[in-house]
Every structure is written in C-alpha cells, then in structure tokens.
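To start, the structure itself, in structure tokens.
The values are calculated or read from the model by the stated rules, or taken from the named source; none is laboratory data. Just so it is clear, the model here is predicted, and its values are computed rather than measured. Cβ sites come from the backbone with ideal geometry, for glycine too, and all protein chains shown count toward neighbours.
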Amino acid sequence: MLELTKEFLDQLRLQIEDGRDVELAAVVGELHPKDVADVFDALKREEVLYIYRLLDSDSRSEVISEMEEDIREELLSSLSSKEIAEDVIEGLDSDDAADALADLPEAKVEEAVRLVDDQASASEVLELLNYEEGSAGAMMAVELVKVQEDWTVASAIREIRSQASDVANIYTIYVVDESGRLNGRLSLKSLLLNASSARSILRDLKDDVEMVSVEAHESEEVVVKMMERYDLVALPVVDASGILLGRITIDDAVDVMIEDAERDYQLASGISEDVEGKDSVWTLTRARLPWLLIGLGGGVGGAYVIGAFDIENNPEMALFIPLIAAMGGNVGVQSSAIVVQGLASASMNMGNLAGRLLKELSVGMLNGLICSAVIFLTSLLLGFGWNLSTTVSASLLCVIVFAALFGAFVPLMLDKRNIDPALATGPFITTANDIMGLIIYFSIGSLVATWMP
C-alpha cells in the first residue's frame with residue numbers, strides 16, 4: 001500500500017517540472033491503479049493530465065475505473081474525444097464505462113462513440129446510460145458468459161472460449177433458452193465432470209437450484225440485500241420477460257455498501273450533502289448549516305421551556321438539566337440506531353412495528369428503572385433532599401422510556417415514506433428528545449412541588 005507522503009508528491013512534481021518523463025513513467029507505472037488514483041487526488045489538474053498521458057493504454061483505463069467521481073470528471077473533461085473512446089468506451093467494462101460517461105456532456109459522449117471501432121460494444125454502453133441512476137440496470141455489466149440449454153458440451157466449450165475473452169472473471173455460466181430467457185446456471189464442475197460425452201446436452205447438466213435474479217428496474221438497495229442474503233458473487237439482471245440482460249458483480253455491490261454507509265454516517269452526524277474535507281468552504285457550510293439551525297431552534301425551544309417554569313423558586317433543578325437532556329438524547333440515538341440497522345439489513349419493517357415498539361418499551365423501562373434508582377440514591381447521598389431526588393429519578397425514568405419509543409418510531413415512519421431513516425439517528429432525535437426531556441422534567445418537578453411541599 002502506497003504511503004502518500006509530501007516528499008513523494010514533491011518528487012513527482014519535480015520530475016514533471018524537469019520533463020523527466022521516462023523516470024516519472026517508471027515510478028508511476030510500478031504503482032497499483034488504485035494508488036495512482038490516490039496520487040491524482042492529491043495533485044493539481046494539469047499535473048494529473050501530464051502523468052495520465054505517460055501511462056500505457058491499459059493502465060489509463062484501470063486508473064479511470066479507480067478514481068473518485070469528481071477527479072475523474074475533471075480528467076475526462078480535459079481529454080479529447082479520441083482518448084475517451086479508447087480509454088473509457090473500449091478500455092473499460094461496460095458498467096464502468098457507463099459510470100464514467102455519465103459525468104460528461106451528451107455531445108462529447110456522442111462524438112466519442114462515433115470514434116469507437118466496435119460499435120456493438122459502444123451501443124451496449126449507451127444502452128446502460130438509459131437506465132435510471134441507482135437501479136440494477138445502471139449497475140450491471142453486459143459482459144458475461146451464457147450458453148443455450150439445447151447446446152452440446154462441445155458447442156458450449158467453443159462458445160465459452162469465445163465469450164471469455166471479454167470477461168475478466170467468470171463466476172457463473174448462465175443458461176438461457178433460444179429466446180434468451182434465463183433458465184438456470186451451469187458450473188464449470190458440472191460441465192467438465194458430469195458430462196458423459198461431448199454430445200451431452202446442457203439442459204441435463206445445469207444446476208437444479210432455483211436461479212436468483214433481479215429485474216433491471218429494481219433499486220441498488222434491493223441488489224445489495226439479495227447478494228448479501230444469498231451469498232452471491234454475481235447476480236444476473238433480467239427484464240420483465242426474464243430475458244438475460246447482464247450481471248452485477250460483488251465489487252459493484254461493495255461500492256454501493258460503502259457509499260450507503262458513508263451517506264448514513266454523514267446524515268447521522270447532521271451533514272445533509274455528500275461532502276469531503278477538500279471541498280470548498282461554501283460547500284461544507286451548506287451541508288452542515290441546516291442541521292445546525294435545527295439544533296439552534298431546539299436550543300431556543302429548550303430555553304423557552306426553562307423560562308416557562310418558575311425556576312427561581314427551585315434553582316437546584318437547574319443542576320440536573322444537562323443530565324436529563326443528555327440521557328434522553330443518548331437513549332434516542334441508541335434506539336434509532338438499532339432500528340436503522342434492522343431496516344438496512346431487511347430484518348425489520350412496518351409489519352412488526354407493534355412488536356418493535358413493545359420491545360423498546362420493555363428495554364426502556366428496564367434501563368430507566370436501573371438508571372433512576374442509581375440517580376435517586378446518588379442524589380440522596382449528595383444531600384439534594386427527597387423532593388429533588390424524587391423529581392430527578394421519576395423524570396429520568398419517563399425520559400428514557402419516551403426516548404426509546406420515539407427513537408424506534410421515527411426511523412420506521414421515515415422508512416415508510418421512503419425517506420432515509422438514517423436521518424433519525426442524528427440531530428433530529430437529539431434535539432426533539434432534549435425539548436421533550438425538559439418538558440417532562442419540569443412538569444414532574446411542578447407535580448412534586450405541589451404534592452410534597
């Protein structure tokens with residue numbers, strides 16, 4: 001793994017300035033394509049373009065497939081249509097080529113397509129661009145190995161050899177009928193060991209296990225869940241009639257998992273856009289400010305609740321305001337995080353809402369009773385008196401139960417309305433629980449003051 005140090009980058013820049021192309025190409029040529037992509041991420045646009053054009057054709061394509069979207073878009077916008085035709089459309093698998101071309105103006109894509117020698121492959125890439133972003137069709141690659149069920153073993157082997165030249169990794173041989181409809185799969189083991197002769201028919205050799213597939217219009221979330229559920233390294237994509245269109249490989253599914261995890265983490269942290277530390281000040285501010293304003297509103301709401309209560313006659317209650325607010329926020333985030341995790345793994349849905357809320361109620365009651373007992377004894381030992389100790393312990397019990405239920409309910413409601421439930425694990429839950437926690441605390445304080453003067 002390359003250690004991207006300042007000294008290494010300075011060395012590359014010096015070689016660029018001195019025009020030591022052979023030496024520079026040798027240094028970069030020894031790196032893994034992903035490491036080269038990381039180097040490009042740290043260099044200026046003109047430096048990236050200079051080094052890129054020193055790479056051989058295969059290396060260029062591999063580096064493009066590994067680059068971050070924003071850096072790749074900058075690079076491709078600087079390339080000629082001929083370079084895009086050779087390095088992207090001809091050099092990449094169809095799914096990676098489609099992803100790269102999606103960043104470019106339509107006119108430049110059309111010009112590059114006209115310069116491709118293999119117009120059939122170019123048409124396949126353009127077809128992928130027509131699928132909605134985030135769908136299985138947009139994720140799939142058309143390169144795969146397929147055979148017809150009425151072929152003999154000898155015919156199949158010849159066809160497999162021909163198709164395999166376009167496929168980097170052969171995970172599965174798909175079996176289709178004469179119309180191209182997916183009917184099953186064929187393992188290499190069955191092809192080589194179970195055939196009695198070269199004239200054996202593939203229909204008799206294909207696996208009996210039910211074929212798992214996904215339709216092209218399904219979302220990438222469905223794809224990831226299916227591949228995870230059935231432990232697949234490749235998932236065939238079909239149309240509404242069952243015609244085999246392409247396949248999605250595990251590396252693409254992992255990319256979606258990483259993107260979803262990063263997005264959920266940012267949402268949970270109160271960042272509303274996909275941003276990185278290198279983005280502009282305005283971009284970072286725009287992503288963070290909305291949730292800060294929500295938190296600010298929550299703070300104002302909390303101040304109003306405190307101001308509405310006659311705290312001057314009960315100044316000791318102010319000592320436990322941070323405790324009540326913090327416990328409510330923490331419990332709410334814990335509860336919502338468990339629900340969001342369950343929704344992400346498809347182990348939870350609206351169908352078991354009552355059961356989920358009942359379980360959270362039980363957990364909240366148990367945790368609340370333990371915490372309230374601890375704070376009751378602690379406050380008595382510290383000399384805060386019966387009234388305040390009772391108020392704090394009773395309030396803490398109610399706040400924990402409410403926060404547990406609220407934290408479970410909100411992400412389920414968001415998911416029902418097709419809103420990312422990860423929103424519920426961030427400032428929204430914390431702010432809402434802060435305000436409700438203070439209302440509960442001061443309401444119980446008023447009752448205790450009335451009943452226990």
Exercise for the section: Quick one: SER81 ticks every box in (1) among the small types (Gly, Ala, Ser); (2) surrounded by fewer than 14 Cβ atoms within 10 Å (Cβ to Cβ); (3) within 20 Å of VAL48 (Cβ to Cβ) except a single one, so which number is it? Expected result: (2)
Problem - So ALA112, is it more than 27 Å from GLU178 (Cβ to Cβ) and out of contact with any strand residue (DSSP E or B) (no Cβ under 7 Å at 6 or more places or on another chain) - result: yes
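Hey, which of the helices (runs of 4 or more DSSP H) in region 28-131, taking only ones fully inside, have at least 2 residues that are hydroxyl-bearing (Ser, Thr, Tyr)? Spell out the reasoning first.
Numbers: elements: 33-42, 45-52, 57-66, 69-78, 81-84, 94-101, 106-114, 119-129.
Of the helices (runs of 4 or more DSSP H) lying wholly inside region 28-131, those with at least 2 residues that are hydroxyl-bearing (Ser, Thr, Tyr) span 45-52, 57-66, 69-78, 119-129.
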Practice task
Any residue in region 209-222 that's without any contact (Cβ under 8 Å) to a residue 40 or more places away in the chain: show its pairings with residues that are loosely packed, with under 15 Cβ neighbours inside 10 Å and assigned to a loop (DSSP other than H, G, I, E, B) at Cβ separation under 6 Å, as long as the two are six or more apart or on different chains.
Solution key: VAL212/TYR230
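Yes or no, residue by residue, for (1) farther than 25 Å from HIS217 by Cβ; (2) of a type in the set (Phe, Trp, Tyr):
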residue	(1), (2)
TYR52	yes, yes
ASP56	yes, no
GLU68	yes, no
LYS82	yes, no
VAL88	yes, no
VAL125	no, no
Exercise for the section: Looking at (1) surrounded by fewer than 19 Cβ atoms within 10 Å (Cβ to Cβ); (2) over 19 Å from ILE64 (Cα atoms); (3) among the aliphatic types (A, V, I, L, M), find the lone condition where LEU129 falls short. Expected result: (2)
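Could you tell me whether SER336 is closer than 23 Å to LYS225 by Cα, modelled with pLDDT under 90 and either over 31 Å from the mean Cα position of the chain (by Cα) or in the same structural domain as ALA325 (by TED's automatic domain parsing) (or both)?
Numbers: closer than 23 Å to LYS225 by Cα: yes; modelled with pLDDT under 90: yes; either over 31 Å from the mean Cα position of the chain (by Cα) or in the same structural domain as ALA325 (by TED's automatic domain parsing) (or both): yes.
So SER336 fits the description; yes.
Residue-wise test of (1) among the aliphatic types (A, V, I, L, M); (2) buried (at least 19 other Cβ atoms within 10 Å of the Cβ); (3) out of contact with any helix residue (DSSP H, G or I) (no Cβ under 6 Å at 6 or more places or on another chain).
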| residue | (1), (2), (3) |
| --- | --- |
| LYS34 | no, no, no |
| PHE40 | no, yes, no |
| VAL48 | yes, yes, no |
| ASP99 | no, yes, yes |
| ALA107 | yes, no, yes |
| SER135 | no, yes, yes |
Exercise for the section: Report yes if ASN169 is more than 36 Å from the chain's Cα centre (by Cα), polar (S, T, N, Q) and assigned by TED's automatic domain parsing to the domain that holds ALA240, otherwise no. Expected result: no
